[in-house]
1. How far is it, in nm, from the label point at Asp245 to the one at Thr92 when both lie 7 Å from their Cα along the line to the Cβ?
2. For Thr338 and Lys203 in one chain, what is 0.36 nm times their gap in residues minus the Cα-Cα distance, to one decimal in nm?
3. How do Glu128, Glu158 rank when sorted from fewest to most other Cβ atoms within 10 Å of their own Cβ?
4. Find the all-direction average of the projected area of the Cα convex hull for the range 67-145, expressing the result in square nanometres with one decimal place.
5. Would you mind counting up the charge near Arg231? Only other residues with Cβ under 14 Å from its Cβ, with Lys and Arg at +1 and Asp and Glu at -1.
6. Round to a whole angstrom and tell me the spacing of the C-alpha centers of the range 233-257 and the range 324-346.
7. Over all alpha-carbon pairs in the chain, figure out the percentage whose distance exceeds 26 Å.
8. Neighbour counts of other C-beta atoms within 10 Å: give me Arg161, Arg204, Arg254 arranged from fewest to most.
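Every number in this text was worked out from the coordinates using simple rules, so none of it is lab data. On a predicted model such as this, the values are computed, not experimentally measured, just so you know. Cβ placement follows ideal geometry from the backbone for every residue including glycine, while neighbour counts extend to all protein chains displayed.
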Amino acid sequence: MRALSGTRNKLSRWLFLLLAIALFSASLSRAQAAGKNDYEYFVTGSTADVSSQKPPHSPGLVLMGGGPDVDNAFKWMIQKSGGGNFLIIRATGTDAYNPYIFNMGGMASVATLIIKTRDGANDPVVIEKIRQAEAIFIAGGDQSDYINFWSGTDVQTELQRSADRNVPIGGTSAGLSVLGQFIFAALNGTLTSDEALANPLNKRITLVRDFLSLPGLGFVITDAHLDARDRMGRLVTFLARIVGDGWAGPQAARGIGVDVDTALVVDRGKASLVRNPGTSGSVYFLRSTSIPALPFSPKTPLTYTSVSVQRMSGAGTFDLDNWASYDGGVVSYSLSVTNGVLTTTQPGGAIY
């Protein structure tokens, strides 16, 4: 009887151990599956945290207008970073940026974080990867994902901390849209210039603010693909809403519109234009100079006079702090809206 009892005890212990292993394995599998559903991480180059040998002593920004990526803007970020780990963050997509940037040289690694959920945006692994980055670039996609998934999370906090320690930060298309103090969040989808001008209370004009606080971009809203998608009218409408809603004074609200194939690189508040070879894109610096006709009424076209524009199309620099160019690098003109119709002081009526 004693031998039988001992056998039963051993069998019970083995069954308990097997059950514990099975439960642990199932728990680990669920955790791994949850992690993959919340975020994905891909790295090219070193998997170690390789610190920059020459940390940046001043903030650097890249504002890219979407479409084909601008090689020289990424090379500028690499140089600004001093080397180390270059990180791409996005909510959807692939790791296609990794080999493209890594092959430019100068970085120990290029990694992509695809942060798909708010749980992913609060995951310690995700935050540590952002903390280790010497350069951060927000890819294109849908800015509503960035606001829905990242706003109010540890990702937002860590991105701001990175900016505060002068890590160069850039973005293209949707990634550009979330860099200014004011953001067109596209929470109800996108819209055209004609739709915005015809109704500044259009339900698709969803504006948010203060996702990040970046040098030179206070009181600024940004927009990409400006020329290719004819977005000047909606950018003017965004400024009207910012002023009309009391978010900024009538002469404080500002906008930056960037054409495709074009980027603005910003060092110590001084901005310069870089483009892909053979292209002719521009950057437009808008400033409100008046109050739009108020109150806004549903389905009533916008009236807003006027908005000053400075177009940078080549060499020269633009001072974001003083909102002016001092070396002849811009062409200045004004835009006005009357009953939803956008007009310009430029010869020939060109708004770009």
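1. Distance between label points: 2.4 nm.
2. Extending this stretch completely gives an extra 46.5 nm.
3. Lowest to highest Cβ neighbour count: Glu128, Glu158.
4. About 5.2 nm², averaged over all directions.
5. The answer is -3.
6. 15 Å
7. 52 percent
8. Least crowded to most crowded, the residues run Arg161, Arg204, Arg254.
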